[in-house]
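See below for the structure under consideration.
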Amino acid sequence: MLREGLDARAAGAKFWGMIDPFGRAISYLRVSVTDRCDFRCVYCMAEDMTFLPKQDLLSLEELYRLCSAFIAKGVRKIRLTGGEPLVRKNILWLIEALSRHLKSGALEELTLTTNGSQLSRFAPQLAALGVRRVNVSVDTLDPDKFAAITRWGKLSPVLEGIAAARAAGLHVKINAVALKGANEDEIPAMLRWAHAHGMDLTLIETMPMGAIEPDRMDQYLPLAHVRAQLAREFTLEDIPDRTGGPARYVRVRETGGRLGFITPLTHNFCESCNRVRITCTGMLYMCLGQDDSADLRAPLRASPDDTLLSAAIDEAIGRKPKGHDFVIERRGARPAVARHMSLTGG
Ligand code: SAM
Ligand code: SF4
């Protein structure tokens, strides 16, 4: 994507969308539709989270207008996330509205990242509205560990949700955060399970976002270590598949499936970053790992036409930083960014 952006500049703005100061073309928007969730995963939230007051939230109509403004500026892919996107009231209204951009061809892909707890109920409608793939977060297949990691979650509805999604024809990718002492011994079994069901598995390093009760040092499991362990059991063949995102993929010869590694701490992936994030209050975050943001709610509400909004987006993209500064190396260290992952979405 960096190349695409630089080529676009060299070609005199053949790419008419958003190009950041480092030549990266911004074509991917992640939208956190709510900061609320029916789980309290230990690495993501504090148990007694304070959520945003409901009156601060953008309405679904406003979120739609915001997304449409980004699509008009060249965004081709939108991922709805949260918090838990499927607990936002009337979320199907937004998905249906956005699906019009899929039908017109303006948007290539509309996807979700979900904890799967509500997926049984929503999967058929998601598929009918043109959603083709979903990422479901599952950190363990052990019901007791699942309850311990998510604090409030149960494994069986999530597994039922995954089955319903697959039955509805959705491609499911499993995301698992690698957690020291919690699921590290289970990763080979999760890999076999995901691949046996035709699902990719992506492992994620825990990122220092927001205050939580446990010390991140106790959770952090470098994926270089996980990969070395897996390589004793499986043949991992590097494959060049890139999504413009942080994941690096291998093909597992024994299972034939794909395994992704998201390693923000051990490897920096920022040079190919093609994405920005908006929160449910209309804050635009140009980088997951930096605090700089732009308020889009004010220009959105100031006028019914998009001139001010469009200018605010351009100004913010002009400030997209080169990369993040995530590091977990000291006990008791403050998080790299103060906000929780649930505010900006994963
Ligand atoms: N609730 C949905 C879910 O869990 O999939 C969507 C939002 S959640 C914030 C998105 C992803 O971020 C999940 O895969 C979750 O495991 C991951 N995540 C949350 N906090 C994280 C952290 N501090 N470090 C790394 N990944 C995190
Ligand atoms: Fe909720 Fe997802 Fe965060 Fe877990 S990771 S608490 S499911 S937002």
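Only the coordinates and a few stated rules stand behind these numbers; no lab work does. Everything numeric in this text was worked out from a predicted model, so none of it was measured. Glycine also receives a Cβ, built like all others from the backbone with ideal geometry; neighbour counts cover every protein chain displayed.
Among the listed pairs Lys54/Lys322; Lys73/Lys173; Lys54/Lys145; Lys173/Lys320; Lys180/Lys320; Lys89/Lys154, those whose Cα-Cα separation exceeds 23 Å are Lys54/Lys322; Lys73/Lys173; Lys54/Lys145; Lys173/Lys320; Lys180/Lys320.
Within region 19-89, the GluC sites (Glu not before Pro) that combine a DSSP coil assignment with at most 13 other C-beta atoms in a 10 angstrom radius are Glu47. Listed by Cβ neighbour count within 10 Å, with the fewest neighbours leading, Tyr28, Tyr285 appear as Tyr28, Tyr285.
Peptides 165-172, 257-264 ranked from most to least packed, by the mean per-residue count of other Cβ atoms within 10 Å: 257-264, 165-172.
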